[in-house]
Amino acid sequence: MATLVIHGGAGRIAAPRRDAYRAGLRAALDAGFAVLDDGGHAVDGVMAAVACMEDDAQAFNAGTGSALTSLGTVECDAALMDDTGRAGAVACVTRIKNPIQLARRVRDATPHVLLVGAGAEALSDTYVDNASLITEGARAAWERWKARDADPEGSATCGAVAVDDHGHLAAATSTGGVLGQLPGRVGDCPIPGAGTWADPRVAVSCTGRGESFLTTSAARMLAVDLEAGMGGEHAVAERLAAVRQADGEGGLIAVQRDGTILYGFDTTEMAWGWRRRSDAGELEEAWDVSDEASIRVVP
Ligand code: ASP
């Protein structure tokens with residue numbers, strides 16, 4: 001059954017901003033699921049959902065509205081992977097409106113998996129000013145971070161995983177990284193197996209403190225545990241526990257080939273959503289910004 005699961009980041013999403021996140025989640029579900037519902041490929045479905053969230057200037061730390069580095073600039077990472085094992089990723093790109101599209105270009109037009117900075121940008125036909133990616137909200141959060149104000153709003157990376165009508169799986173993740181990160185810092189998002197993963201059984205996208213997802217190979221290890229027969233809830237709990245052990249916190253989403261949906265987080269908030277059509281043609285969906293750490297499996 002065609003299934004799309006998305007996240008708009010795990011972190012701190014203050015109450016007054018949650019409606020903007022909900023609206024953005026719904027728009028991304030509409031964009032991505034329209035592709036799947038039309039018989040499209042999972043890769044195109046996750047691309048459409050993530051590009052929609054990258055373009056959303058009111059919510060999500062990716063593309064326009066990315067979190068700012070310590071220098072007050074935007075540096076984006078993005079990755080795409082499908083169940084054939086093909087992946088494309090970019091890191092530290094500064095002049096690209098939709099980093100996820102550039103990641104796809106790396107995958108489709110080069111023999112490489114990950115390109116960074118100017119080398120990645122050279123693949124693009126169009127460029128934007130770094131300043132055009134900076135929103136008022138991101139600038140205000142950065143000012144508070146600089147002033148060491150208590151608890152500025154954290155990051156809210158976006159991601160999508162999907163299985164299409166033909167049983168193909170794909171995962172895509174895009175982020176501006178973490179607020180105040182050092183220039184040149186790369187998180188888990190563009191590293192296959194850390195923040196993004198897809199194989200013939202499951203597709204995974206992570207969000208949270210990238211360093212901890214990197215050092216615990218979070219996305220790949222979730223796939224390994226599920227393949228070994230671990231129950232979904234247990235497998236997600238194990239990953240979040242490992243991340244916590246590595247001094248981090250965050251969340252993840254996943255979809256299995258049979259359309260089973262998994263998501264969980266242990267931060268104060270996480271934005272998530274899913275939509276799927278059963279083989280009998282019934283549409284089911286849900287999306288929200290949750291503020292109680294939890295793990296869900298929707299069989
Ligand atoms: N995982 C992202 C990173 O570390 C940030 C996030 O998901 O909030 O770059």
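Before moving on, here are some points about what is shown:
- Scanning the range 10-27 for residues that are assigned to a loop (DSSP other than H, G, I, E, B) and surrounded by 16 or more Cβ atoms within 10 Å (Cβ to Cβ), we see that the one that is modelled with the highest pLDDT is I13.
- Condition check for A219: away from the ligand (no atom under 16 Å from the Cβ) and under 16 Å from the mean Cα position of the chain (by Cα): no
- Sub-7 Å Cβ pairs linking a first residue in the range 115-137 that is more than 14 Å from P99 (Cβ to Cβ) to a second residue that is in a loop (DSSP other than H, G, I, E, B), at least 6 apart or interchain, are I134/L68; I134/V74; T135/A57; T135/T64; T135/G65; G137/G65, ordered by first then second residue.
- Of residues in the range 178-196 being closer than 18 Å to T216 by Cβ and among the small types (G, A, S), the one nearest to the ligand (Cβ to nearest atom): G187
- The number of residues in the range 198-216 that are surrounded by fewer than 19 Cβ atoms within 10 Å (Cβ to Cβ) and away from the ligand (no atom under 13 Å from the Cβ) comes to 2.
For every residue, the table says whether it meets (1) within 16 Å of the ligand (Cβ to nearest atom); (2) closer than 30 Å to S212 by Cβ; (3) in contact with a Leu (Cβ under 8 Å, 6 or more places away or on another chain).
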site	(1), (2), (3)
R12	yes, yes, no
R17	yes, yes, no
A20	no, yes, no
L29	no, yes, yes
D37	no, no, no
G40	no, no, no
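- Verdict on V43 being assigned to a helix (DSSP H, G or I), buried (at least 24 other Cβ atoms within 10 Å of the Cβ) and of a type outside the set (S, T, N, Q): yes
- Positions within the range 145-164 being at pLDDT below 95, more than 16 Å from the ligand (Cβ to nearest atom) and assigned to a loop (DSSP other than H, G, I, E, B), in sequence order: A147, R148, D149, A150
- Annotation for the range 245-258: at least one member residue is surrounded by fewer than 20 Cβ atoms within 10 Å (Cβ to Cβ), within 17 Å of the chain's Cα centre (by Cα) and outside any helix (DSSP H, G or I).
The values are calculated or read from the model by the stated rules, or taken from the named source; none is laboratory data. Everything numeric here is computed off the predicted structure, so don't read it as measured data. Cβ atoms come from the backbone with ideal geometry, glycine included; neighbour counts cover every protein chain shown.
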